[in-house]
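S.K.: Structure in structure tokens, see below.
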Amino acid sequence: MSNAPHWDSPVLQSVRPVVERSRHVAVSEEAVESVASWLAYEELPFPRNLSTAPYDPDADADRAIDLIMLVSCLNFAFTDFETHEPFIVERDGVQLVDTDGMSACLHDALAADVPLLDGSYLAGVTRDDLDAIFQGSITMPMLEERARILNEVGEVLVDRYDGRFHRWVHDCAPALYADGDGLLERLIEEFPRFDDVSTHRGRTVRFYKLAQLALWSMQGAGLVALQDLHRMTAFADYIVPVALRVMGILVYTPALEQAINARELIPRDSDEEIEIRANTLHATALLTDAINVRRPDGRRIVIPQLDFRLWKAYHATFWPHHLTRTIMY
């Protein structure tokens, strides 16, 4: 393990005991080196406008923050748990899958003057309201949970921030961690839907998938300048483990492999689910190290750049991913 600054992340520190005690998932360091030997020479750009383009390219900064945070609240569970079909929206002959499809639906609703960025509207939104907004190839999964999330978020925004997420952002220190005043710290404290933690053998394991992704999206759009971006990890979801599995970096036991391939539900907070997520974060940190060793000064990357490369290439793949019923990813 290197002395790269990302290893100081509270998230990576919390997953290390899980990695060391994993029984169902392992990381192949030989595969890490093999993949880095070619992936290091790709461009691996710093993506821009992750959650707004191309749906709202002319948004002012505050509106863009509001939109990114709205997407982040809803950015989970796009596969039907029974049919295993993904949520797909078609626009101009192009199929938009999962997050991209959801964002297109949100854009259409905003263009039709549905006040989705207003906390007072979110506080009263219903399952049926969301069903009407998210028209795609399948009924959007977990609509009741999505409505409840927006209700809770909307109430906090109305009560403390005049109904707008951008006012919350401007009230925080421009960092992930800042003695309790950082954006990540306050996001998980004030908006419980982002408090993505599990308990593994008596220890708290921090993942913070959606919280970190929201801040990374704002960073990419030039809306915040995080002072400690190096402490951000990958975003432990369904897709990045697929990429790592295909590349041979993640290795599952035959029983777990069979369960995933059979599309059996992997229970939330089970050892298997926690190990998949923890080893994903550990493996992406190792792969980032191995990539940066091969890149010159000025071309080294932070972990979320690698995450974006893996997610972009595999988020519409037909390779089976683990299925867990959760609002966290």
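Quick note: the coordinates plus some simple rules give every number you see, no bench work behind them. Here the structure is a predicted model, which is why all the values come from computation and not from measurement. Cβ: placed from backbone, ideal geometry, glycine included. Neighbour counts: every protein chain shown.
S.K.: Dipole size in debye (nearest 20) for region 5-314 around its Cα centre, Lys and Arg Cβ +1, Asp and Glu Cβ -1?
M.R.: Computed about the Cα centre, the dipole is about 1000 debye.
S.K.: So for each of 264-277, 237-250 I average, over its residues, the number of other beta carbons within 10 Å; can you give me the resulting order with the highest mean first?
M.R.: Most protected by this proxy first, the peptides run 237-250, 264-277.
S.K.: For Asp269 and Arg127, compute 0.36 nm times the residue count separating them, minus their Cα-Cα distance, and round to one decimal in nm.
M.R.: Roughly 48.5 nm would be gained on extension.
S.K.: How are the Cα pair distances of region 133-259 distributed, in percent, across 10 Å bins from 0?
M.R.: In whole percents, the pair-distance histogram is 11, 31, 35, 20, 4, 0.
S.K.: How many angstrom separate the Cα center of region 253-296 from the Cα center of region 169-206?
M.R.: 22
S.K.: What would the Debye formula give as log10 I(q)/I(0) at q = 0.13, 0.16, 0.20 Å⁻¹ for the alpha-carbon point model of region 45-189, no solvent?
M.R.: Results for region 45-189 at q = 0.13, 0.16, 0.20 Å⁻¹ read -0.61, -0.91, -1.32.
S.K.: Follow-up question, since we're still on this one. Below 11 angstrom from the Cβ of Leu256, what's the summed charge of the other residues (Lys, Arg +1; Asp, Glu -1)?
M.R.: Charge balance near Leu256 sits at -4.
S.K.: Please rank Phe318, Phe81, Phe76, fewest neighbouring Cβ atoms within 10 Å first, as an exposure proxy.
M.R.: Least to most surrounded, the residues fall as Phe318, Phe81, Phe76.
S.K.: Highest mean first, what order results for 3-10, 163-170 on Cβ atoms within 10 Å?
M.R.: Listed from highest to lowest mean packing, they are 163-170, 3-10.
S.K.: Would you mind ranking Tyr208, Tyr41, Tyr161 by Cβ crowding within 10 Å, fewest neighbours first?
M.R.: With the sparsest Cβ surroundings first, the list reads Tyr41, Tyr161, Tyr208.
S.K.: So how tilted is helix 10-21 from the main axis of the chain? Cα-based, degrees 0 to 90, rounded to 10.
M.R.: The answer is roughly 50 degrees.
S.K.: Taking a temperature of 25 °C and a viscosity of 0.890 mPa s, what whole-number D in µm²/s does Stokes-Einstein yield for the chain with Rh from Kirkwood over alpha carbon pairs?
M.R.: Using the Kirkwood radius from Cα pairs, D works out to 121 µm²/s.
S.K.: Quick one: net charge of Glu272's neighbours, Cβ under 12 Å, K/R +1, D/E -1?
M.R.: With Lys, Arg at +1 and Asp, Glu at -1, the net is -3.
S.K.: Let me ask you something else. Show me the ranking of peptides 280-288, 190-198 by mean Cβ neighbours inside 10 Å, starting with the highest.
M.R.: So the order, starting with the most tightly packed, is 280-288, 190-198.
S.K.: Expressed as an acute angle from 0 to 90° and rounded to the nearest 10, what is the orientation of the C-alpha long axis of helix 303-314 relative to the principal long axis of the chain?
M.R.: 80
S.K.: Here's a follow-up. Just want the answer: with Cβ charges of +1 for Lys and Arg and -1 for Asp and Glu, which residue in Ala285, Gln219, Leu117 is farthest toward the dipole's positive end in the chain?
M.R.: Checking the options against the dipole of the chain, the answer is Ala285.
S.K.: Right, next: Calculate, for Val251 and His170, the FRET efficiency according to 1/(1 + (r/R0)^6) with r their C-beta to C-beta distance and R0 56 Å; round to the nearest 0.05.
M.R.: My answer for the efficiency is 0.80.
S.K.: Give me Leu184, Leu70 ranked fewest to most by other Cβ atoms within 10 Å of their Cβ, as a rough exposure proxy.
M.R.: In order of increasing Cβ crowding within 10 Å: Leu70, Leu184.
S.K.: Could I have the simple spin-label model distance between Glu155 and Arg21, label points 7 Å from Cα toward Cβ, reported in nm to one decimal?
M.R.: Once both label points are built, they end up 3.5 nm from each other.
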